[in-house]
Amino acid sequence: MGTQYGAEPRPAGTPKAVGIVWGLLVLNTLGSAGAKTIVPLPRSLIQMVTMGALVAAFALALALNRRLRIRASAYVLLLTLLLVPSVISSVYLESGFGALFRCARLALFVGTLWLLSRWWDGGLTFVRHHIRMYFAVLGSVAAGLAISPGAALPDLYGGRLVGALWPLTPPQIGQYAAVIIGLTVLLVLGRRTDRAGAAVVIVPSLVLLALTHTRTATLGLFIGLALAIGSLILTSAAARRFFTWTVLCATVAAVGFSSALQAWFLRGQSQENFSNLTGRAKVWEALLAAPRTTAEKVFGMGLGDKSFGGLPIDNSWLAVYQEQGLIGVALVAAIIIVLGGVALLRPPSLERACAIFLISYCAIASYTEAGLGDASPYLLHLALAASLLAAPAVTAPVAMPEVPRRHIPRWARRSEVI
């Protein structure tokens, strides 16, 4: 993963416009369904904005990479292969014409990643783009909370934080907050950013994460950070100190605030509702029990809205099985295994730690969130991990002009011998 395609010389730096492309991809994956906003936004308008952002991202990436120089990437290759069962199952239109539209969206998304792969060199450039873009999204959430707390903390979601300016659900906000918190903490440990600047990102993001009451994002943050910091313990004294203090503070908090933490974790739900994962288990059982033909088992039913019987599936593996069949499940599993295997084979480094955090977070979130089989923030997180695991491009040697040999007469050569 990350070996250079062909014999192209390494580009002289990453253009600033690449950050704009990444931001447009983030905008595209925000989705169009969520809470009611302060100013009602028609879903058609939101879809036009998000899809227009993807088209603009592809066009800009193509303009930046006119010679179509790409780097070999197992991750993007597997995503390309995932298009095959998606198209095969969608052409039968069992999920409607929207399935073909989602296939085209996924193809544009993957094509943009291929174009951006030219600048994947194992550096932290895309990490900084990732943090900036999602922090901007969280800024809009905080602005909505300040303008209208009632709209941002509606009773419909049990008082959990939602997007009041752009329709974002609590799990989405929790995911964005957890990811940028984890990446910023790792940058601080690697001394790639100052503590004051990191606090500006981490503190408000922690507040927003707490207001969402999102258990999956919280567990993904702590487990992902534990694995990432664990990969740095042998080579970083800062990582060892941070890990020790975190374990100590977590132990004290668990003992002193156990009742408050339990109340936050349960979100006022009964033990029965909590045990079946807020009704998710019933949807999963119905999905697995539904009759299917052999073709539907192998290729799926076509790309849809990640729901079954009108209810959200909220599980990436079952959503992929529903829409892309067993082939899709195998390809998604291969993505996680390949990225995880490459991360384990890399020597300890900050870039490797960031990749481990992203891979582990997406693997944990896949149990209660859908998105690994279609254009989504989770695929962007994994694309960032792939860019971090890419081997640095080898600079092509500079060709020296050939110096013509000077003709020396025979009598001159004879005098040199004498």
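The values are calculated or read from the model by the stated rules, or taken from the named source; none is laboratory data. Here the structure is a predicted model, which means the values were calculated and not measured. Methodologically, a virtual Cβ is constructed for each residue, glycine included, from the backbone with ideal geometry; neighbour enumeration extends over all protein chains shown. Ligands, DNA and RNA are excluded from the accessible area calculation, which covers all protein heavy atoms including side chains. Shrake-Rupley method; radii C 1.70, N 1.55, O 1.52, S 1.80 Å.
Which residues, counting only those in segment 332-368, are in a loop (DSSP other than H, G, I, E, B) and open to solvent by less than 30 Å² (accessible area, probe 1.4 Å)?
Residues of segment 332-368 in a loop (DSSP other than H, G, I, E, B): 346-349, 366-368.
If the condition is that a residue be in a loop (DSSP other than H, G, I, E, B) and open to solvent by less than 30 Å² (accessible area, probe 1.4 Å), then Ser366, Thr368 are the ones that fit.
Might you check whether a residue that is small (Gly, Ala, Ser) and in a helix (DSSP H, G or I) occurs anywhere in segment 126-139?
Within segment 126-139, the subset small (Gly, Ala, Ser) is 136, 139.
Filter again for in a helix (DSSP H, G or I), leaving 136, 139.
Yes, there is a match, as at least one residue in segment 126-139 is small (Gly, Ala, Ser) and in a helix (DSSP H, G or I).
Sort out which residues of segment 44-68 are part of a loop (DSSP other than H, G, I, E, B) and open to solvent by 50 Å² or more (accessible area, probe 1.4 Å), and write them in order of number.
Answer for segment 44-68, where residues must be part of a loop (DSSP other than H, G, I, E, B) and open to solvent by 50 Å² or more (accessible area, probe 1.4 Å): Arg66, Arg67, Leu68.
Would you call Val207 over 24 Å from Ala385 (Cα atoms), open to solvent by less than 20 Å² (accessible area, probe 1.4 Å) and either hydrophobic (A, V, I, L, M, F, W, C) or at pLDDT below 90 (or both)?
On the way: over 24 Å from Ala385 (Cα atoms): yes; open to solvent by less than 20 Å² (accessible area, probe 1.4 Å): no; either hydrophobic (A, V, I, L, M, F, W, C) or at pLDDT below 90 (or both): yes.
For Val207, the condition - over 24 Å from Ala385 (Cα atoms), open to solvent by less than 20 Å² (accessible area, probe 1.4 Å) and either hydrophobic (A, V, I, L, M, F, W, C) or at pLDDT below 90 (or both) - is not met.
In this structure, does Leu380 turn out to be under 20 Å from Ala217 (Cβ atoms) and either modelled with pLDDT of 95 or more or among the charged types (D, E, K, R) (or both)?
Numbers: under 20 Å from Ala217 (Cβ atoms): yes; either modelled with pLDDT of 95 or more or among the charged types (D, E, K, R) (or both): yes.
Criteria met by Leu380.
To keep it simple, each residue is scored yes or no on (1) modelled with pLDDT of 95 or more; (2) farther than 30 Å from Thr193 by Cα; (3) out of contact with any Leu (no Cβ under 9 Å at 6 or more places or on another chain).
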| position | (1), (2), (3) |
| --- | --- |
| Leu93 | no, yes, no |
| Gly96 | no, yes, yes |
| Leu100 | no, yes, no |
| Ala104 | no, yes, yes |
| Asp121 | no, no, yes |
| His130 | yes, no, no |
| Leu153 | no, yes, no |
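Looking at (1) open to solvent by 30 Å² or more (accessible area, probe 1.4 Å); (2) within 29 Å of Arg128 (Cα to Cα); (3) touching a helix residue (DSSP H, G or I) at 6+ places or on another chain (Cβ under 8 Å), find the lone condition where Ile327 falls short.
Evaluating Ile327 over (1) open to solvent by 30 Å² or more (accessible area, probe 1.4 Å); (2) within 29 Å of Arg128 (Cα to Cα); (3) touching a helix residue (DSSP H, G or I) at 6+ places or on another chain (Cβ under 8 Å) leaves (2) as the failure.
For residues that are more than 19 Å from Asp121 (Cα to Cα) and touching an Asp or Glu at 6+ places or on another chain (Cβ under 8 Å), tally how many sit in segment 367-390. Walk me through how you get there before you give the answer.
Within segment 367-390, the first condition is being more than 19 Å from Asp121 (Cα to Cα), and the residues that meet it are 367-378.
Imposing the further condition that a residue be touching an Asp or Glu at 6+ places or on another chain (Cβ under 8 Å) reduces the set to 368-370, 373-374, 378.
Summing the residues that are more than 19 Å from Asp121 (Cα to Cα) and touching an Asp or Glu at 6+ places or on another chain (Cβ under 8 Å) in segment 367-390 gives 6.
The rows are residues; the columns are (1) at pLDDT below 80; (2) in contact with a strand residue (DSSP E or B) (Cβ under 9 Å, 6 or more places away or on another chain); (3) of a type outside the set (Phe, Trp, Tyr).
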residue	(1), (2), (3)
Thr3	yes, no, yes
Ala7	yes, no, yes
Pro11	yes, no, yes
Ala17	no, no, yes
Trp22	no, no, no
Thr29	no, no, yes
Pro40	no, no, yes
Arg43	no, no, yes
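For segment 120-139, how many residues meet the condition of being touching a Gly at 6+ places or on another chain (Cβ under 7 Å) and open to solvent by 30 Å² or more (accessible area, probe 1.4 Å)?
1
Within segment 168-203, take every residue that is in a loop (DSSP other than H, G, I, E, B) and under 15 Å from Pro377 (Cα atoms) and give me the one that is least open to solvent (accessible area, probe 1.4 Å).
Applying the first criterion (in a loop (DSSP other than H, G, I, E, B)) to segment 168-203 yields 168-169, 190-194.
With under 15 Å from Pro377 (Cα atoms) added as a condition, the list becomes 168-169.
Numbers: Leu168: 2, Thr169: 31 Å².
Among residues in segment 168-203 that are in a loop (DSSP other than H, G, I, E, B) and under 15 Å from Pro377 (Cα atoms), the one least open to solvent (accessible area, probe 1.4 Å) is Leu168.
Looking only at segment 300-320, which residues are touching a Ser or Thr at 6+ places or on another chain (Cβ under 7 Å) and either open to solvent by 60 Å² or more (accessible area, probe 1.4 Å) or under 20 Å from Thr368 (Cβ atoms) (or both)? Quick ask: steps written out before the conclusion?
Initially, segment 300-320 is screened for residues touching a Ser or Thr at 6+ places or on another chain (Cβ under 7 Å), giving 300-304, 313-317.
Across segment 300-320, the qualifying residues are Gly304, Ile313, Asp314, Asn315, Ser316, Trp317.
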